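The block underneath contains the structure these notes are about, expressed in structure tokens.
The values are calculated or read from the model by the stated rules, or taken from the named source; none is laboratory data. Predicted model only: the values in this text are computed from it and were never measured. As a convention, Cβ positions derive from the backbone with ideal geometry for all residues, glycine included, and neighbour counts pool all protein chains shown. Heavy atoms of the whole protein, side chains included, go into the accessibility calculation; ligands, DNA and RNA do not. Shrake-Rupley method; radii C 1.70, N 1.55, O 1.52, S 1.80 Å.
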Amino acid sequence: MTEMRTLKVALLGCGNVGAQVARILLEDADALAARTGARLELSGIAVRNVNSKRDVELPQELFTTDAETLVKDADLVIELMGGIEPARTLILSALTNGACVVTGNKALLAQDGPTLYEAADKAGVQLSFEAAVAGAIPILRPIRDSLSGDRITRVLGIVNGTTNFILDQMDSTGAQFADALAEAQRLGYAEADPTADVEGHDAAAKAAILATLSFHTRFALENVHCEGITSVTAADIAAAKDAGFVIKLLAIAEKLTAGGTETDGKDGVSVRVHPTLLPREHPLAAVRGAFNAVFIEAENAGELMFYGQGAGGTPTASAVLGDLVSAARRLVLGGPQRTETTTGHVPALPIDASVTSYYIGLDVADQPGVLARIAQLFAGNGVSIETMRQTIHRDAESNVESAELRIVTHRASEAALAATVEAVKGLDVINSVTSVLRVEGV
């Protein structure tokens, strides 16, 4: 009987995810060997402090602070440190030395992914990052492999569990943003400093990765228009609910076809992250709590949705181990390694070129002709109104009546919609613009 090959696995980082990866590698060693055709030997775990307390009990002799040496002697490297440096340097070193790399570092991939992809291509090794976008949800491999014979036209994703939990709390309990955030922090869904989540930066990094694989072009973080949820109020949530919508922070990547002045006569891709109204019957509207989901539209496959736990040590470790087994199999069987598939260059288009609908809340004077003036202004800017609802209310102190208008537009370019909102603000019958949010799924 031929002796089974042993592959050395270096683990960089031992936080919630890293600790679970190490546990599974040790506990399920025989099962993993049977699946890969080689024994996966955890040769070491690089950490800042070898004496730190960890939730998972692991052999102390595995820990080291010498990440550089650990990487040089490895066949497979798992990077779960996060941040840009030293993760970037260590990954490049691993790739250059001929090791396959598995990473969950969405910030690094969004900022400097092309450098890493090129290094992997040059070395002929595999760079995998399923865990970088949606935790346990297998989304990158289906996009890269299962849909490789199709044309993806649009991707919409709830890819940040923290913000989804906050918005879901606001929707289900009527809580203000600050109170929902505090509850998320209490339950461990939000960090003490939640900026990366609530300002949309985490989702934007994931949007860049999704766009890169979906449209076979390398997109970076700078190509993503990003807005967070800090300006979403309980009043916005309540008004959306009353109109049959739910507000979600969506990562959107969509192919736009030449035809409008905003695209400069070229096809392109719009990549954006922002709070979005969805009809309550839309599949993404039912994604509750800290769960994630990605909704894909393709020319031949039609509509697909992938749903599951988007964070957490054990779920995310599942995605990491899936990548690791795939890379190990290729080392055993030989043949070319898989990175990402880029076949050309489709330009990233600015937010103004996006095609969407708007929900606009207006507080207006209750007098004859107001609706007609507003409708005329919309038409003059090339924006069609789909629905308009009016509610009359009386100020308790002044006893003056005013009207609240809630307008949902048909799809139009972002540029035309933004110009319309600015023009509306200039009307003398407008007391205030109470809300402006984008709408999808109508």
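Couple of notes before you dig in:
- Taken along the Cα-to-beta-carbon direction at a fixed 7 Å, the label points for T314 and A234 span 3.6 nm.
- DSSP bridge pairs, the chain: antiparallel proportion in percent, nearest 5: 70
- Mean ellipticity per residue at 222 nm, deg cm²/dmol - from DSSP H runs of n ≥ 4 across the chain, formula -39500 (n - 2.57): -10500 deg cm²/dmol
- Between T316, T96, T217, the GNM of the chain built on Cα springs shorter than 10 angstrom shows T96 fluctuating the most.
- q = 0.09 Å⁻¹, the chain: log10 I(q)/I(0) [Debye, one scatterer per Cα]: -0.63
- The count of lysine pairs in the chain whose Cα atoms are under 16 Å apart, excluding pairs fewer than 8 places apart on the same chain, comes to 4.
- Angle in degrees between helix 313-333 and the longest Cα principal axis of the chain, rounded to the nearest 10: 50
- Cα centroid separation, segment 188-234 to segment 28-45 (Å): 34
- Percent carbon-and-sulfur accessible area, the chain, ignoring ligands, DNA and RNA, probe 1.4 Å: 48
- Rolling a 1.4 Å probe over the protein chains gives V21 an accessible area of about 0 Å².
- Segments 202-211, 114-123 sorted - mean Cβ within 10 Å per residue, highest first: 202-211, 114-123
- Applied to segment 361-376, the Karplus parametrisation 6.51 cos²θ - 1.76 cosθ + 1.60 on θ = phi - 60° returns per-residue 3J(HN,Hα) values of x, 10, 9, 10, 5, 8, 8, x, x, 5, 4, 5, 5, 5, 4, 5 Hz, with x for Gly and Pro.
- Among residues other than D73 with Cβ under 13 Å from its Cβ, the summed charge is -2 (Lys and Arg +1, Asp and Glu -1).
- Solvent exposure of the chain as accessible area per residue, Å², 1.4 Å probe: 43
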